[in-house]
Every structure is written in C-alpha cells, then in structure tokens.
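Since the structure comes first, as structure tokens, the remarks are kept for the end.
The values are calculated or read from the model by the stated rules, or taken from the named source; none is laboratory data. These figures come from a predicted structure and were not determined experimentally. Cβ placement follows ideal geometry from the backbone for every residue including glycine, while neighbour counts extend to all protein chains displayed. These accessible areas exclude ligands, DNA and RNA; they are computed on the full protein's heavy atoms, side chains included. Shrake-Rupley method; radii C 1.70, N 1.55, O 1.52, S 1.80 Å.
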Amino acid sequence: MSVREYRDIYRRPCRTIHVGNVAVGGDAPITVQSMTNTLTTDVGATMRQVRELEAAGADIVRVSCPDKESTAALPKIVKEAEVPIVADIHFHYKRAIEAAEAGAACLRINPGNIGSTERVRDVVKAAKDHGCSMRIGVNAGSLERNLLEKYGEPCPEAMVESALNHARILEDNDFREFKISAKASDVFLAVAAYQQLADACDYPLHLGITEAGGLRGGTVKSAIGLGMLLWSGIGDTIRISLSSDPVEEVKAGFELLKSLNLRHRGVNVIACPSCARQQFEVIKTVEILEERLAHITTPMTVSVIGCVVNGPGEARETDIGLTGGGRGTHMVYMAGKPDHKINGESPVDHMVALVEKKAAEIAASENAGSGTAHGSSGAGRGA
C-alpha cells in the first residue's frame, strides 16, 4: 500500500447547500464554525468577537437570537460581518422569520419545536424568500418526550428518528436547503448517531460533540469523536464546542482538519517533545514560533527537531526544517534538503523570517496566476 493510499479519505457523497456564499457538502471544503458568546444585542461586543473569529479563519459564525431585541440587532451584524451569520433559534417561530428578514444566512432550528404546521410553513416561506438555509439541530439532551418514552433514554436510534422527523417536516414544505446535526456530550453516542444518520439520508452533516468541556478536555474529546467520523468520510462542517474563547474552537477545528489532511490553513509545526539530546530549547522555541506565525494563513509545514537523530528525516517531509546541531550550530532545511547553517542567531527569528518570505512568494505566485490572494474569505479559505 502506498503512502497516498492509506492517507486517502473518501467523503460520504451528499447534496450541497449554501450558507450565504459558503458551500456546504458535496465536494466543498469542510467548513469550520464557531459561535459568539456575547449578548447579541451588544452589537459592538458581538462584532469584535466576529472579527476575531474571522481572523482565526472561521468560515461561518453563529449568534444566538433568543428574543426580539436580538433579531433587531441582527441586520447590522450581518451587514458588517465578512462571513455568513447563522441565527440560533430554538422555540419562537417569529424569531426565525425576523432572522431571515434580517439577512441571516442560515437558521439553526428544530422544526418540531416551532409549533403548528402553519408556523413551520411561515418560517419556510421566509427562508425561501430571503435565500436562507437551515440546520436541523438534534441534541441528546433535548429529545422529544415521545421519543424518550419510546426508547427509554437518549440513544442513536432516537436521535436519528428525531432528525429524520424534522427533515420530513421541511421536505413536506418543499424545502431541502438544510443540513443536520446530531450532537451529544457522550462521544460514543454522538458518533453512533452520526454514523446511522449518514446512512439514512443524503443531507450535509454538521459535526460536533456538544458541551465537550474546557480547552484541553473538550479539544481531546472532540478530536476523538469528530476524528473518527471525519476519518471515515462523514462530516461537511464542524464546530469544536469549548468552554473557552471561541477563537480556540476555530484553531482546534483547523488543527483537526490539518491532521487528517482534509484542509490546510496556516503553518503546521512538527516538533519533537525534546530530551537530553536537544541542542536548543525546543519547547520554548516551538511555543514562541507558533505564536509568531499565527498570522500566516498560507499552508506550510515546518519541522523543529532538537537533534540529528530524527531531525533530517522529519525535515525531508517539510517545507522548512530546523535541526539542532553541536556547538550551537543548527542546520536549516528548505524543501527537504540541507540549505544552510545558523550559529548564534535566534532560531525563532530566523524561522519566522523564512516562513514569512515563503508565504509572500506563494501569495505573489498565486496572485500572478489567478488574480486572487491566498486566504481569501469563503469556503475555499485555506482549503
């Protein structure tokens, strides 16, 4: 088996929908989402957070619309945002209509929670009239009472039945511009539900392990659950749900996609854990290097290895490599080959300069070839 063969991931075929100008599903890049945690009525604070998420690479941002005041603030947020805005709606059908009229690109909604058939029809009409898609958001913690009575507890079968029931409501109203999520805080439950849902329909799937936890624990839990699904080809858009700064959700999302070779944005640093053989302070070097390269959106691999045991081998597979050598002299590799040595110079400053130069060269080449800068907004950002 070749290296390429065991790295290949074959995505589940599904229909394509649009969240604003961002394609979701089909052969579109897997998108990374996050959600603001500010009061939506505080437009200034919300927009500051949206800007931070945009800078981190978020393709889609969701805001909560629990009341009329929130949907009233939505038009200004939608207008100022550079990414599509999803309105989070739970119960009141009028909030959904207001959000669609305000320019939301998508409504996160459960049609079964909206109420009567007439109300659902009104929401669908508003979505159609304003070019708004939807996400059916099933959550293990808020399943319908009749399904809990039928199955006895939250289980994959109950979650899938809930999702398909909601989908049928929209289909009956001749609306198919929607994606589905089936989230749970339990990794096994969420993965099993998504696996069954992937077999049961051809709609795009939004992946997430809900209420995953804090920065470290939530990232690990999400990586396990979402990693299994993405590796098996399931998933068209993701959110890493963390009790942390929403920007960390976006960073974790891209790291997860990069690790599976599904999407590339920014610098992927390959570094050793360090040991007594290290010829420079690897851990500190990597910490500072990642921070100083956070602004780079160009896909690139950089290796930072403390000694010559694994350094040359790792450098062969990266764009730029640094391997620690004796007497303070370290080897720098370019495109996998030994290029030059540094001695007495800051490894971080040197590597940052090389990465920025290469990123500028790639951007100039792409501009000359296509007229578009690398890292432009939209679903292709950093893809």
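Structural remarks
- Distant-in-sequence amide H partners of ILE60 (H built 1.01 Å from N, under 5 Å): VAL32, SER34
- If you take the Cα centroid of the stretch 351-371 and the Cα centroid of the stretch 207-243, the two points sit 32 Å apart.
- In this simple spin-label model, placing a label point 7 Å from the Cα along the Cα-to-Cβ direction at both THR16 and GLU157 gives a separation of 3.8 nm.
- Ordered from highest to lowest accessible area with the whole protein assembly present and a 1.4 Å probe, ASP88, ASP174 read as ASP174, ASP88.
- Carbon + sulfur, % of accessible area of the stretch 79-128 - ligands and nucleic acids excluded, 1.4 Å: 46
- For the stretch 1-160, accessible area per residue (1.4 Å probe, heavy atoms of protein chains only), Å²: 47
- Note on ARG216 and GLU171: the model spin-label points, each 7 Å out from Cα along the C-beta direction, lie 4.6 nm apart.
- Label zone at ASN146, where the point sits 7 Å out along the Cα-to-Cβ direction: the stretch 179-200 residues whose backbone N lies under 11 Å: none
- The stretch 64-158, relative contact order in percent, only Cα pairs under 8 angstrom and at least six apart counted: 23
- Calculated P(r) of the stretch 28-179 - Cα pairs past 24 Å, %: 35
- Estimated distance in nm for a label pair at HIS130 and CYS275, the labels positioned 7 Å out from Cα along Cα-to-Cβ: 6.0
- Only one item in (i) 23.1; (ii) 22.3; (iii) 21.5 matches Kirkwood radius over Cα pairs in Å derived from the coordinates shown, and that item is (ii).
- Residue order by solvent-accessible surface for GLU149, GLU361 is GLU149, GLU361, largest first, with ligands and nucleic acids left out and a 1.4 Å probe.
- Mean residue ellipticity at 222 nm, helices only, the chain: -13500 deg cm²/dmol; runs of at least 4 DSSP H residues each add -39,500 (n - 2.57), and the sum is divided by the number of residues.
- Ranking TYR194, TYR10, TYR333 from most to least accessible surface, computed with a 1.4 Å probe over the protein chains only, gives TYR10, TYR333, TYR194.
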